[in-house]
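The next block holds one structure in the form of structure tokens; read it before the comments.
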Amino acid sequence: METVPQFFRAGPSPQVRLFFFALLSILLMVMDARFSSFSGMRQTVGMILYPLQRLAYIPATLFDQAEELINDFHLTKEIANLRQQYFLNQQKLFRLQILEEENAQLRKLLGAAQQAEIKAIMAEILYVPRDPFNRKVTLNKGSSSEIKAGQVVVDDQGVIGQITQVHPFLSEVTLITDKGHSVPVQVARNGLRSIISGAGKNNELELRYLSVNADIEKDDLLVTSGIGGLYPPGLPVARVENIEHDPSRDFAVIICTPIAGVNRNRQVLILSLSTPIPEHPEEAPPEEGPKHTTQQGRRNRAP
């Protein structure tokens, strides 16, 4: 009887192999944990594999070093720009101080009153209304911090609004974009005065009471004029966005964009004049002239 040659030897089944290696692994872990039998072998294997590990980390290390070099380059460039801007600001500050001294000297020579000093209190915006038609925000300072209604609120760009309600620890600010709010302004380029009012929309103001032939241009800067004594003069308010000259109207339609905004910063300044201007005197009623009795009147009163 012929025997069939055996090309493949049948070994143990996969389940048996899995059970054997699992049992061997558990045995080795127990021996290593109880008797530290493989600590020396582990150190030897670690020393052999260390160069391979370092070689595998080379791409990541090179990437990190390249990123640090790029960040250092940008930081160096930014520091250089900030240093240059600092020197420019210092020069502007020196010139401003000289101009203030000259202004004070001229006021003394002319006998004019000195400009009132402005006090500032830092505050933080607590609540911004979700209603798109409500142009009011709430600050974390109130009457306990000597806050009063009528004070002006600004950020690092310009005027935000005016305090209209004061509570012991909170105050409410009506934004300049509110439809019922108006600010006396003037064009920084030529000193032309007018009144700017809120349009009830975000980022839109209306410059009113300027004739169609008024000297005003697109991108003109509007600052507070100081008329009325509520807003200190010279605070940026808005910039002219669009001008419509309609000959059929008495005044031009001028749309402006506010410079400041509550969506840019959370901290604001509350301003107040240390020496407010005196109240406007009430106009005296006109005096009645002497009554003249006519001849006809005498006859009518005669019995």
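The values are calculated or read from the model by the stated rules, or taken from the named source; none is laboratory data. Note that this is a predicted model, so its numbers are computed, not measured. All Cβ positions, even for glycine, are placed from backbone atoms using ideal geometry, and neighbour counts span all protein chains on display. These area figures cover heavy atoms from the full protein model, side chains too; ligands, DNA and RNA do not enter into them. Shrake-Rupley method; radii C 1.70, N 1.55, O 1.52, S 1.80 Å.
Things worth noting here:
- Amide H contacts of ALA238: LEU222, ILE259, each under 5 Å away and 5 or more positions distant or on a separate chain (H built 1.01 Å from N in the peptide plane; Pro and chain starts excluded).
- Using θ = phi - 60° in the Karplus curve 6.51 cos²θ - 1.76 cosθ + 1.60, the 3J(HN,Hα) couplings for the stretch 55-70 round to 5, 6, 7, 4, x, 5, 5, 4, 5, 5, 5, 5, 5, 5, 5, 5 Hz; x is entered for Gly and Pro.
- Nearby lysines by direct alpha-carbon distance to LYS148 (threshold 21 angstrom, same-chain neighbours under 8 apart not counted): LYS119, LYS136
- In this rough spin-label picture, where each label sits 7 Å from Cα along the Cβ direction, the ILE255-ASP156 distance is 3.0 nm.
- Long-range amide H partners of ALA252 with built H, under 5 Å: LEU210, SER211, VAL212
- Taking each residue as 0.36 nm, the span from LYS179 to THR44 lengthens on full extension beyond its C-alpha to C-alpha distance by 40.6 nm.
- Additional length obtainable on full extension of the chain from GLU101 to PHE73, 0.36 nm per residue less Cα span: 5.9 nm
- Heavy-atom accessible surface of MET41, to the nearest 10 Å², is about 120 Å², with a 1.4 Å probe and all protein chains retained.
- Residue-normalised convex hull volume from the C-alpha trace of the stretch 59-212: 247 Å³ per residue.
- In the context of the full protein assembly, LYS201 retains an accessible surface of approximately 110 Å², using a probe radius of 1.4 Å and ignoring ligands and nucleic acids.
- Sorting 173-180, 258-265 by their mean Cβ neighbour count within 10 Å, with the most densely packed peptide first, gives 173-180, 258-265.
- Largest-first principal axis extents of the Cα set of the stretch 15-87 (Å): 78, 29, 21
- Point-to-point label distance, LYS119-ARG34, nm (Cα→Cβ direction, 7 Å offset): 8.2 nm
- Förster-model FRET efficiency, 45 Å R0, SER144 and ALA66, C-beta, rounded to 0.05: 0.25
- Annotation: amide H-H contacts under 5 Å for ARG189 (H modelled 1.01 Å from N, sequence separation of 5 or more, or interchain): LEU221.
- The gain in end-to-end length when the ASN213 to GLN84 segment is fully stretched comes to 42.2 nm, 0.36 nm per residue minus the alpha carbon separation.
- Each of LEU93 and HIS245 was given a label point 7 Å from its Cα along the Cα-to-Cβ line. The distance between the two points is 4.5 nm.
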